[in-house]
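*Asks:* Quick one: the structure is below, and I'll ask about it shortly.
The values are calculated or read from the model by the stated rules, or taken from the named source; none is laboratory data. Note that the structure is a prediction, hence the values are computed from the model and not measured. Cβ placement follows ideal geometry from the backbone for every residue including glycine, while neighbour counts extend to all protein chains displayed. Note: areas computed on protein heavy atoms with side chains; ligands, DNA, RNA excluded. Shrake-Rupley method; radii C 1.70, N 1.55, O 1.52, S 1.80 Å.
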Amino acid sequence: MRLVLLGPPGAGKGTQAVRISARHGIPAISTGQLFDRQISAGTPLGRRAERYVRAGELVPDEIVLDMVAERLAESADCGAGFLLDGFPRTLAQAEALDRMLTVSCGPLDAVLDLEVGESEVLERISRRALSEGRLDDGAETARRRLKVFAAETAPLRSHYAGQGLLRTVDGSGPPDGVWARVEEVLAAVPRPQVRASRP
Ligand code: AMP
(Lines give C-alpha, C1' and ligand atoms only; values in the text may rest on other atoms or scores of the structure.)
Protein backbone atom coordinates (compact mmCIF):
# COMPACT_ATOMS: atom_id res chain seq x y z
CA MET A 1 0.00 0.00 0.00
CA ARG A 2 1.11 3.53 -0.70
CA LEU A 3 -0.05 5.77 2.11
CA VAL A 4 0.33 9.31 3.43
CA LEU A 5 -0.19 10.20 7.07
CA LEU A 6 -1.48 13.74 7.59
CA GLY A 7 -2.13 15.56 10.85
CA PRO A 8 -0.83 18.43 12.97
CA PRO A 9 2.35 18.22 15.05
CA GLY A 10 1.60 16.13 18.12
CA ALA A 11 -1.20 14.19 16.38
CA GLY A 12 0.65 10.91 16.99
CA LYS A 13 1.75 10.36 13.39
CA GLY A 14 5.11 8.88 14.42
CA THR A 15 3.51 6.43 16.88
CA GLN A 16 0.91 5.22 14.41
CA ALA A 17 3.46 5.13 11.56
CA VAL A 18 5.57 2.58 13.46
CA ARG A 19 2.52 0.34 13.96
CA ILE A 20 1.27 0.63 10.39
CA SER A 21 4.75 -0.09 9.08
CA ALA A 22 5.08 -3.25 11.22
CA ARG A 23 1.57 -4.57 10.51
CA HIS A 24 1.57 -3.94 6.77
CA GLY A 25 5.25 -4.57 6.05
CA ILE A 26 5.91 -1.19 4.46
CA PRO A 27 8.66 1.27 5.33
CA ALA A 28 7.61 4.41 7.21
CA ILE A 29 9.40 7.39 5.76
CA SER A 30 9.40 10.42 8.05
CA THR A 31 10.82 13.61 6.57
CA GLY A 32 11.10 15.03 10.11
CA GLN A 33 13.30 12.09 11.11
CA LEU A 34 15.34 12.32 7.91
CA PHE A 35 16.02 16.00 8.69
CA ASP A 36 16.84 15.16 12.28
CA ARG A 37 19.46 12.62 11.15
CA GLN A 38 20.95 14.97 8.59
CA ILE A 39 21.17 17.74 11.18
CA SER A 40 22.77 15.47 13.81
CA ALA A 41 25.28 14.21 11.23
CA GLY A 42 26.07 17.81 10.19
CA THR A 43 25.62 17.06 6.46
CA PRO A 44 25.30 19.94 3.95
CA LEU A 45 21.56 19.17 3.68
CA GLY A 46 21.26 19.17 7.47
CA ARG A 47 23.01 22.54 7.66
CA ARG A 48 20.61 23.99 5.09
CA ALA A 49 17.56 22.65 6.96
CA GLU A 50 18.51 23.27 10.59
CA ARG A 51 17.42 26.85 11.09
CA TYR A 52 13.96 26.13 9.67
CA VAL A 53 13.46 23.06 11.86
CA ARG A 54 14.62 24.94 14.97
CA ALA A 55 12.22 27.80 14.25
CA GLY A 56 9.25 25.49 13.60
CA GLU A 57 9.11 26.67 9.99
CA LEU A 58 8.83 24.47 6.93
CA VAL A 59 12.08 23.62 5.18
CA PRO A 60 11.85 25.06 1.63
CA ASP A 61 10.15 22.75 -0.86
CA GLU A 62 13.16 22.26 -3.14
CA ILE A 63 15.28 20.90 -0.26
CA VAL A 64 12.49 18.56 0.90
CA LEU A 65 11.69 17.35 -2.60
CA ASP A 66 15.31 16.45 -3.42
CA MET A 67 15.52 14.46 -0.21
CA VAL A 68 12.22 12.60 -0.80
CA ALA A 69 12.94 11.87 -4.47
CA GLU A 70 16.24 10.32 -3.44
CA ARG A 71 14.55 8.22 -0.74
CA LEU A 72 11.74 7.03 -3.03
CA ALA A 73 14.28 6.09 -5.68
CA GLU A 74 15.47 3.33 -3.34
CA SER A 75 13.73 0.60 -5.29
CA ALA A 76 12.34 -1.39 -2.34
CA ASP A 77 9.82 1.37 -1.60
CA CYS A 78 7.92 0.78 -4.82
CA GLY A 79 7.47 -2.92 -4.14
CA ALA A 80 5.32 -3.42 -1.06
CA GLY A 81 4.59 0.30 -0.86
CA PHE A 82 5.42 2.90 1.78
CA LEU A 83 3.97 5.21 4.37
CA LEU A 84 4.93 8.86 4.22
CA ASP A 85 4.84 10.59 7.60
CA GLY A 86 5.09 14.38 7.58
CA PHE A 87 5.27 14.66 3.81
CA PRO A 88 3.75 16.30 1.83
CA ARG A 89 3.16 19.44 3.88
CA THR A 90 2.42 21.99 1.15
CA LEU A 91 0.32 21.91 -1.97
CA ALA A 92 3.48 22.22 -4.10
CA GLN A 93 4.91 19.14 -2.34
CA ALA A 94 1.67 17.20 -2.87
CA GLU A 95 1.64 18.05 -6.57
CA ALA A 96 5.32 17.10 -6.90
CA LEU A 97 4.60 13.79 -5.14
CA ASP A 98 1.72 13.08 -7.52
CA ARG A 99 4.13 13.62 -10.43
CA MET A 100 6.88 11.49 -8.87
CA LEU A 101 4.48 8.61 -8.28
CA THR A 102 3.09 8.83 -11.79
CA VAL A 103 6.53 8.15 -13.22
CA SER A 104 7.64 5.62 -10.63
CA CYS A 105 5.62 3.67 -8.07
CA GLY A 106 2.00 4.30 -9.04
CA PRO A 107 -0.63 6.42 -7.28
CA LEU A 108 -1.38 6.67 -3.57
CA ASP A 109 -3.98 4.29 -2.13
CA ALA A 110 -5.08 6.46 0.80
CA VAL A 111 -4.28 9.51 2.90
CA LEU A 112 -5.00 9.08 6.60
CA ASP A 113 -5.77 12.34 8.34
CA LEU A 114 -5.27 12.11 12.12
CA GLU A 115 -7.57 14.67 13.70
CA VAL A 116 -6.72 15.94 17.19
CA GLY A 117 -7.91 19.17 18.85
CA GLU A 118 -5.44 21.99 19.48
CA SER A 119 -5.41 21.78 23.29
CA GLU A 120 -4.69 18.02 23.25
CA VAL A 121 -1.94 18.50 20.69
CA LEU A 122 -0.27 21.27 22.74
CA GLU A 123 -0.43 19.15 25.86
CA ARG A 124 1.15 16.15 24.08
CA ILE A 125 3.93 18.34 22.66
CA SER A 126 4.80 19.77 26.07
CA ARG A 127 4.93 16.24 27.54
CA ARG A 128 7.17 15.14 24.66
CA ALA A 129 9.46 18.16 25.24
CA LEU A 130 10.11 16.88 28.76
CA SER A 131 10.69 13.26 27.79
CA GLU A 132 12.45 13.51 24.42
CA GLY A 133 13.88 17.03 24.25
CA ARG A 134 13.23 17.48 20.52
CA LEU A 135 14.83 20.47 18.78
CA ASP A 136 11.47 22.09 18.12
CA ASP A 137 9.17 21.24 21.04
CA GLY A 138 9.45 24.51 23.00
CA ALA A 139 6.04 26.11 23.70
CA GLU A 140 6.61 29.04 21.37
CA THR A 141 7.89 26.85 18.52
CA ALA A 142 5.04 24.38 19.01
CA ARG A 143 2.50 27.17 18.55
CA ARG A 144 4.38 28.33 15.45
CA ARG A 145 4.29 24.78 14.03
CA LEU A 146 0.53 24.58 14.59
CA LYS A 147 0.05 27.89 12.76
CA VAL A 148 2.20 26.67 9.88
CA PHE A 149 0.15 23.45 9.77
CA ALA A 150 -3.13 25.37 9.59
CA ALA A 151 -1.86 27.69 6.86
CA GLU A 152 0.21 25.34 4.69
CA THR A 153 -0.76 21.73 5.36
CA ALA A 154 -4.45 21.70 6.29
CA PRO A 155 -5.36 22.74 2.69
CA LEU A 156 -4.01 19.34 1.55
CA ARG A 157 -7.17 17.80 3.00
CA SER A 158 -9.24 19.19 0.16
CA HIS A 159 -6.55 18.28 -2.39
CA TYR A 160 -6.78 14.63 -1.32
CA ALA A 161 -10.53 14.68 -0.72
CA GLY A 162 -10.82 15.78 -4.36
CA GLN A 163 -8.85 12.68 -5.39
CA GLY A 164 -11.14 10.48 -3.25
CA LEU A 165 -8.18 9.46 -1.07
CA LEU A 166 -8.84 11.22 2.25
CA ARG A 167 -9.73 9.04 5.26
CA THR A 168 -10.24 10.96 8.49
CA VAL A 169 -9.36 9.18 11.74
CA ASP A 170 -10.14 10.45 15.23
CA GLY A 171 -6.63 10.77 16.68
CA SER A 172 -7.65 11.81 20.19
CA GLY A 173 -7.08 9.73 23.31
CA PRO A 174 -4.62 6.90 23.99
CA PRO A 175 -2.52 5.36 21.15
CA ASP A 176 -4.21 1.93 21.35
CA GLY A 177 -7.65 3.41 20.69
CA VAL A 178 -6.30 5.45 17.78
CA TRP A 179 -4.60 2.34 16.41
CA ALA A 180 -7.88 0.40 16.46
CA ARG A 181 -9.52 3.17 14.42
CA VAL A 182 -6.56 3.33 12.01
CA GLU A 183 -6.78 -0.43 11.44
CA GLU A 184 -10.49 -0.21 10.75
CA VAL A 185 -9.95 2.52 8.17
CA LEU A 186 -7.05 0.68 6.51
CA ALA A 187 -9.06 -2.52 6.27
CA ALA A 188 -11.51 -0.67 4.03
CA VAL A 189 -8.84 0.73 1.67
CA PRO A 190 -8.94 -0.98 -1.72
CA ARG A 191 -5.74 -2.99 -2.27
CA PRO A 192 -3.36 -1.51 -4.84
CA GLN A 193 -3.21 -2.72 -8.40
CA VAL A 194 -0.04 -4.70 -9.03
CA ARG A 195 1.93 -3.05 -11.81
CA ALA A 196 3.52 -5.40 -14.29
CA SER A 197 6.76 -3.46 -14.55
CA ARG A 198 8.27 -0.11 -13.77
CA PRO A 199 8.74 2.28 -16.66
P1 AMP B 1 8.04 16.47 12.05
O2 AMP B 1 8.90 15.56 12.86
O3 AMP B 1 7.33 15.78 10.93
O4 AMP B 1 7.09 17.28 12.90
O5 AMP B 1 9.03 17.52 11.35
C6 AMP B 1 9.90 18.34 12.11
C7 AMP B 1 10.33 19.54 11.28
O8 AMP B 1 11.02 19.11 10.11
C9 AMP B 1 9.20 20.41 10.76
O10 AMP B 1 8.72 21.36 11.71
C11 AMP B 1 9.89 21.10 9.59
O12 AMP B 1 10.77 22.10 10.02
C13 AMP B 1 10.71 19.97 9.01
N14 AMP B 1 9.93 19.18 8.02
C15 AMP B 1 9.57 17.87 8.13
N16 AMP B 1 8.88 17.47 7.05
C17 AMP B 1 8.78 18.56 6.24
C18 AMP B 1 8.17 18.81 4.99
N19 AMP B 1 7.49 17.87 4.33
N20 AMP B 1 8.27 20.07 4.47
C21 AMP B 1 8.95 21.03 5.09
N22 AMP B 1 9.54 20.88 6.29
C23 AMP B 1 9.47 19.65 6.87
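*Asks:* What chymotrypsin sites (Phe, Trp or Tyr not before Pro) in region 85-193 are in a loop by DSSP, with at most 10 other Cβ atoms within 10 Å of the Cβ?
*Replies:* Values: sites: F149, Y160, W179; in loops: none.
In loop regions of region 85-193 (DSSP not H, G, I, E or B), there are no sparsely surrounded chymotrypsin sites (Phe, Trp or Tyr not before Pro).
*Asks:* P(r) for region 16-94: what percent of alpha-carbon pairs falls in each 5 Å bin, starting at zero?
*Replies:* 3, 15, 24, 24, 18, 12, 4, 0
*Asks:* Fully extended, how many nm does the chain gain between A150 and A69 (0.36 nm per residue separation, minus their Cα-Cα distance)? Mind dumping the intermediate values first?
*Replies:* Values: separation 81, 0.36 × 81 = 29.16 nm, distance 2.53 nm.
So the extension gain works out to 26.6 nm.
*Asks:* Distances longer than 30 Å among the Cα atoms of the chain: what percent of all pairs is that? Display every interim value, and only then the final one.
*Replies:* Values: 3231 of 19701 pairs.
Every Cα pair in the chain considered, those over 30 Å come to 16 percent.
*Asks:* Note down the Stokes-Einstein diffusion coefficient of region 89-199 in µm²/s, whole number, using a Kirkwood radius over alpha carbon pairs, 10 °C, and 1.306 mPa s. Don't jump to the answer; show the numbers that get you there.
*Replies:* Values: Rh = 16.3 Å.
After rounding, the answer is 98 µm²/s.
*Asks:* What whole-number distance in Å separates the alpha-carbon centres of region 3-17 and region 77-121?
*Replies:* Cα centres, region 3-17 to region 77-121: 11 Å.
*Asks:* At 1.4 Å probe size, with every protein chain present, just tell me what the per residue accessible area of region 70-199 comes to in Å².
*Replies:* Working: 6920 Å² over 130 residues.
For region 70-199, the per-residue accessible area is 53 Å².
*Asks:* Would you mind working out the magnitude of the charge dipole of the chain relative to its Cα centre, with +1 at each Lys and Arg C-beta and -1 at each Asp and Glu C-beta, to the nearest 20 Debye? Walk me through the intermediate numbers first.
*Replies:* Numbers: 26 positive and 27 negative charges, 44 e Å.
Here the size comes out at about 220 debye.
*Asks:* For region 54-120, report the % of Cα-Cα distances exceeding 18 Å.
*Replies:* Numbers: 946 of 2211 pairs.
Of the Cα pairs, 43 percent sit more than 18 Å apart.
*Asks:* Return the carbon/sulfur percentage of the accessible area of the chain, one whole number, probe 1.4 Å, all protein chains in place. All intermediate terms of the calculation are to be shown ahead of the outcome.
*Replies:* Details: 5220 of 9960 Å².
After summing per-atom areas, the C and S share lands at 52 percent.
*Asks:* Multiply the residue separation of E132 and D98 by 0.36 nm, subtract the distance between their alpha-carbon atoms, and state the gained length in nm to one decimal. Walk me through the numbers on the way to the answer.
*Replies:* Details: separation 34, 0.36 × 34 = 12.24 nm, distance 3.37 nm.
Contour length minus the Cα-Cα distance gives 8.9 nm.
*Asks:* Next question. Can you grab the distance from the C-alpha centre of region 19-37 to the C-alpha centre of region 150-182, Å, no decimals?
*Replies:* Result: 17 Å between the Cα centres.
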